[in-house]
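Inspection log for the structure reproduced underneath, given as structure tokens.
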Amino acid sequence: MPIVVPVTFVTVLYVTLLAGETVIAGMPLRLLGTSAVMVGSLALTVLPPRGRVWSGLPWFVTWVGLVALSAYWAPLDARPGRFLVDLVYLMVLTVCAAWVAPRLPDRAIASIWGLTWLIGILFASAALTGVGGDIDLQGRRSAFGMGPNVFVRVVGLGAIAAVALAWGGRKWVIWTVPVFLAAAVLSGSRGGTLAIAVAGAVIIALGLSGRTRNERRNTLLGLTLVIAVIYLVVWPRVEQWVEVRFVDTIASGYSAGRDVILSQVLELWAENSLIGVGLDGYWGEAGYRYGLQHPHNLILQTFAEAGLLAGLTLLALLLVGLRSAWSLRGGRHSLFACAAILLIVASMFSGTWYDSRFIWLFLIFGAESLSRRVVDPEPNGELGPNTDNAPRRLGPRSHIVSGGRR
């Protein structure tokens, strides 16, 4: 099969997830995209699987099923219908990704980094230049109609993609990281900025582990140069904004209502700890009084609305997913897990069920990449030493044995 087919599948899947609930000319883009993804999944079944289906899939299906089931006891003022639609889309897209991932060529899996970087730099440039960018009443920047809390995830992923591409041979891409970080700070998303910082710390630890003294020295030197550029070029342009949006708001105790939400969610869960208050029960029981749509915390929302079993299932899903995609000695293949960590931390401060969609995509691709030790395409467009037909070095959980399966 021509490589353009699986690469196109990855592109359509990614853009469909990115589009969210965007509607153009009365047609939801995710409906068109999901239909294309389903057709593509069927077409790609002709490719033999090179590994097992993602180990987190049973946990994911169980979690979504339990959350959907809670719609039966949702309060009268809740809006379970709209979230059931989101859960259906989330289930279909994630299952398709998990089903197809073991069948994708190495180049198709690696292509997600180039796509992530391209979309990230487009959004960051729009926000910084104002061409396609948006500025809300608080001065927070975003792009193409996307809210700041979602926008910061896009540019944060772009920064990780820049690291992945530089690690794979395109050294110049690393100098775009300051652009992504500037856009992230100007988004004013404190939770998103914290998520980027956490992911960045994990990436630094990953870059320093299992390397020779010279490699560690070069890594630290490169990190120092990037920090110097950020300090000399970016910091003077964002210093005042950081003081106003981050320092002053934290000092004054401004939490954008998150403290109120937290106390309400914990109270709801304490009253209905076993089965929860039902899908969208937070709005039906408390949120509508204050105009707060949802808890803005994926884990707490699961415990409060779908109950103890669903919450524990989500925690197990995250642990299994990260374990399958992460290895301290996994090199750039573990960057998929770093991207998932960024998204997981960000989901503790904003978003709801469907906003978790990229977490599962990066965990799925990360597990597959780590098991194969996928090699990114070289800058000249050729594959590195591990081509699709060459023997692969086995990952820690791979069952591939030089062209066969055991």
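The values are calculated or read from the model by the stated rules, or taken from the named source; none is laboratory data. Predicted model, so just to flag it, every value in this text is computed and none were measured. A quick note on method: Cβ atoms are made from the backbone with ideal geometry, for glycine too, and the neighbour counts reach across all protein chains shown.
From the list 198, 152, the one residue that fits, being touching a residue at least 12 places away in the same chain (Cβ under 8 Å), surrounded by fewer than 22 Cβ atoms within 10 Å (Cβ to Cβ) and under 15 Å from the mean Cα position of the chain (by Cα), is 198.
If the condition is being surrounded by fewer than 24 Cβ atoms within 10 Å (Cβ to Cβ) and part of a helix (DSSP H, G or I), then the stretch 124-141 contributes 125, 126, 128, 129.
Restricted to the stretch 319-330, and to residues there that are of a type in the set (A, V, I, L, M, F, W, C) and surrounded by fewer than 24 Cβ atoms within 10 Å (Cβ to Cβ), the residue that is farthest from the chain's Cα centre (by Cα) is 328. Here the helices (runs of 4 or more DSSP H) wholly within the stretch 1-120 that include at least 1 residues being assigned by TED's automatic domain parsing to the domain that holds residue 337, farther than 23 Å from residue 143 by Cβ and without any contact (Cβ under 8 Å) to a residue 40 or more places away in the chain are 57-69, 80-100. Residues that are of a type in the set (A, V, I, L, M, F, W, C) and in contact with a Ser or Thr (Cβ under 7 Å, 6 or more places away or on another chain) were ranked within the stretch 201-231; the one that is surrounded by the most Cβ atoms within 10 Å (Cβ to Cβ) is 206.
Let's see how each residue does on (1) under 21 Å from residue 110 (Cβ atoms); (2) surrounded by fewer than 21 Cβ atoms within 10 Å (Cβ to Cβ):
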| residue | (1), (2) |
| --- | --- |
| 7 | yes, yes |
| 10 | yes, no |
| 32 | no, yes |
| 41 | yes, yes |
| 60 | no, no |
| 63 | no, no |
| 71 | no, yes |
| 77 | no, yes |
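Would you be able to tell me the number of residues in the stretch 155-175 that are touching a residue at least 40 places away in the same chain (Cβ under 8 Å), surrounded by fewer than 20 Cβ atoms within 10 Å (Cβ to Cβ) and not charged (D, E, K, R)? Result for the stretch 155-175: 3. Counting only helices (runs of 4 or more DSSP H) that fall entirely inside the stretch 167-265 and contain at least 1 residues that are among the aromatic types (Phe, Trp, Tyr) and more than 19 Å from residue 150 (Cα to Cα), the qualifying elements are 235-242. For the stretch 142-166, residues that are more than 14 Å from residue 191 (Cα to Cα) and outside any helix (DSSP H, G or I) total 5.
In the stretch 278-304, of all residues being among the hydrophobic types (A, V, I, L, M, F, W, C) and at pLDDT below 80, the one that is nearest to residue 69 (Cα to Cα) corresponds to 286.
If you go through the stretch 236-245 and keep only what is of a type in the set (A, V, I, L, M, F, W, C) and surrounded by fewer than 15 Cβ atoms within 10 Å (Cβ to Cβ), you end up with just 244.
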